[in-house]
1. For the range 11-56, which residues satisfy the criterion of being of a type in the set (A, V, I, L, M), within 24 Å of Pro67 (Cα to Cα) and surrounded by 14 or more Cβ atoms within 10 Å (Cβ to Cβ)?
2. With respect to Arg136, determine if the residue is modelled with pLDDT under 95, in a loop (DSSP other than H, G, I, E, B) and charged (D, E, K, R).
3. Name, by its number, the condition in (1) surrounded by fewer than 16 Cβ atoms within 10 Å (Cβ to Cβ); (2) among the acidic types (Asp, Glu); (3) in contact with a Leu (Cβ under 8 Å, 6 or more places away or on another chain) that does not hold for Glu81.
4. Among the residues in the range 153-167, are any aliphatic (A, V, I, L, M), under 25 Å from Asp133 (Cβ atoms) and surrounded by fewer than 16 Cβ atoms within 10 Å (Cβ to Cβ)?
5. Within the range 176-192, count every residue that is in contact with a helix residue (DSSP H, G or I) (Cβ under 8 Å, 6 or more places away or on another chain) and modelled with pLDDT under 95.
6. Give Arg49, Arg21 a once-over and let me know the one that is in a helix (DSSP H, G or I) and more than 25 Å from Ala209 (Cβ to Cβ).
7. I'd like to check which helices (runs of 4 or more DSSP H) are fully inside the range 167-253 and have at least 3 residues that are farther than 30 Å from His72 by Cβ.
8. Given (1) surrounded by 15 or more Cβ atoms within 10 Å (Cβ to Cβ); (2) more than 22 Å from Phe251 (Cβ to Cβ); (3) among the aromatic types (Phe, Trp, Tyr), where does Phe142 come up short, assuming only one miss?
Amino acid sequence: MQQADYAVRVCGAFNDYVADRYRRVDKRLHPMGLIAMQDVKAAVKELRRLVLELGLPGAMLPSRGLPLHLGHDYYWPVYEEAANLGCVLGLHGGSSLGLGADTFTDPWAARTLRHPVPLALEMVSLIYHGVFDRYRDVRIGFFEGGCAWIVLLKDRMDRDESIYTTPTGKRRSLEEYLSSGQMLVGCEGNEQILPYVAKQVGSDSFAYASDYPHEVDVIAAKQMIHETLERPELSLAEKEAVLGGNAKRFFRL
């Protein structure tokens, strides 16, 4: 949405709706709100309202479509408020806007990259521009892009750190950020690469997500859980963490 005032109104209406339709119906339901990052002052105000008045756990942010990357200091007041409130912010992959895939003529070509690549871009932005180190209590989730892209970031970050010494806002290794409790990465339990990723960076920051009821039904979601439990490459502790423990801790449920 290009009109900030319109985006503010839409987000406010959405938050009222999900609070009434889900949050107030059952305490087990924890819908995330929306805030209009086009207007940071309004976003901060709405974040405070949806957490303190509506009882929502936090807000989702777009991974594409804004004029600036999310690590830009223009958005820092949002992260400061989220840290003060103790709430969660989440990023959702899914848009290929501005990724260089705009001229693809096969929609599946764009779909291949549109979920993980935006998340990778914004995680790099938030790390290197110092958001996670400036606001040590901020918690940001990266959802619906799987977990394979984490290996790419680790490889590139480790390589650059062994060659270059230029100061950045990055103060810790990727493994340290992931294990700090400040990050949660959504993954599908039946991802073939999950055990390898967990071996490389640990399993503390990954959480099973089924995408229910968007593309899968209850039967398919249960099957994914069963497949995760049957995986011999993951320890029992890792399975318990991925299937619930990590998310419960991250969202403070």
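The values are calculated or read from the model by the stated rules, or taken from the named source; none is laboratory data. Being a predicted model, the structure only gives us computed values, none of them experimental. Every residue, glycine among them, receives a Cβ derived from its backbone with ideal geometry; neighbour counts consider all protein chains shown.
1. Within the range 11-56, Met32, Leu34, Ile35, Ala36, Met37, Val40, Ala42, Ala43, Val44, Leu47 meet the criteria.
2. No.
3. (1)
4. yes
5. Within the range 176-192, residues that are in contact with a helix residue (DSSP H, G or I) (Cβ under 8 Å, 6 or more places away or on another chain) and modelled with pLDDT under 95 number 5.
6. After ruling out the rest, the residue left standing is Arg49.
7. 194-201, 218-229, 236-240
8. Every condition holds for Phe142 apart from (2).
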